[in-house]
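Heads up, the thing below is written out as structure tokens.
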């Protein structure tokens, strides 16, 4: 059985259903942004509460475990009831928690998730002990027996660990996949850039990719308009703008590949996913489902995609499996309940439209 270490956050998720959830759209920087609305000065009645484990390291470890791997998360929690809940749930899932450290000074990270009609929920996050993950907490000696390192978001100061972890893995010739989060890219994108030479697979959503592109694409010239074809998938049809940088998805893929990663993925919500192998861009649309919650969908896609490649599946098979498992996760409140096992995935991958993937030259 292949062994995977997942590194990142461990969170106690609290899903809150409440009366009269409302959304309102505002235009910010030329784009429509939806906000969750709570009336000032008025009590809002909670109708249901749901608890679950969450956080990138735990979500991805749960996915890898379901797919038949030995998966051990490396995270930090508090010595409180939320931390105890996390350990209890990992035991139920038969996930080894020996690399999870406890802080006596900081609480377990907690997310308060406001359920919305669209499933694209609002989150209030207290990162707690996740912010204190340090070098002593990372089991470098255990890397030698590891077949894959999967690094999720490292919050704020803990993001400084990324070069330290990836460089050590590179010395041991251990493949590294990374799925950094928005908070990491906002707080310390330089550590990601420094680590790209040691990362084999980079997976991010559109916002995260845009934050990285802002730092690694220096050209201010207007992108070519030859691809402004609205028959193309969304991110290939028009240039992407971020403050002073205007770039195309192809620009982004080329810039990231030049810094190291062999495979680069960008997930784009309802639109679908874009994967580059350095010569071609593979696009697969999202599956038409009724979304219960978007929490953890990115973790489901990334971990499943990497798992399939580790099993020797083709890139296209890995993409299909990732899209399917992500859709399964979207149909539930929490990030792990809907995850499929390998047999279920194989059956659905065989049933899905084999012509659903479109290919485009990266040049």
Ranked list, fewest to most other Cβ atoms within 10 Å of each Cβ, for 35, 252:
35, 252
With 29 Å as the cut-off, how large is the P(r) tail for segment 60-209, expressed as percent of Cα-Cα pairs?
16
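So for 101, 2, fewest C-beta neighbours within 10 Å to most, what's the order? Write out the running numbers ahead of the final one.
Details: 101 18, 2 14.
Exposure proxy ranking, most exposed first: 2, 101.
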Taking a ≥ b ≥ c as the square roots of the eigenvalues of the Cα gyration tensor of segment 32-147, is the shape rounded (a/c under 1.5), prolate (a/b larger than b/c) or oblate?
prolate
Could you work out the equivalent-ellipsoid semi-axes for segment 69-137, taking the square root of 5 times each eigenvalue of the Cα gyration tensor, largest first, in whole Å?
23, 17, 11
Can you give me the C-alpha center-to-center distance between segment 255-322 and segment 152-171, rounded to a whole angstrom?
22
Per residue Cα convex hull volume in Å³ - calculated over segment 248-363:
101
Arrange 241, 24 by Cβ neighbour counts within 10 Å, fewest through most, would you?
24, 241
For the chain, set up a GNM with springs between Cα atoms under 10 Å and report which of 282, 26, 333 has the largest fluctuation.
26
Any chance you could list P(r) for segment 134-187, counting all Cα-Cα pairs in 10 angstrom bins from zero, rounded to whole %?
24, 56, 20, 1
With an 8 Å Cα cut-off and a minimum separation of 6 or more residues, compute the relative contact order for the chain in percent.
15
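Read-outs: derived from the displayed coordinates by stated rules, not from any lab. Keep in mind it's a predicted model, so treat the numbers as computed, not measured. When we count neighbours, we look across all protein chains shown, and the Cβ atoms used for this are built from the backbone with ideal geometry, even at glycine.
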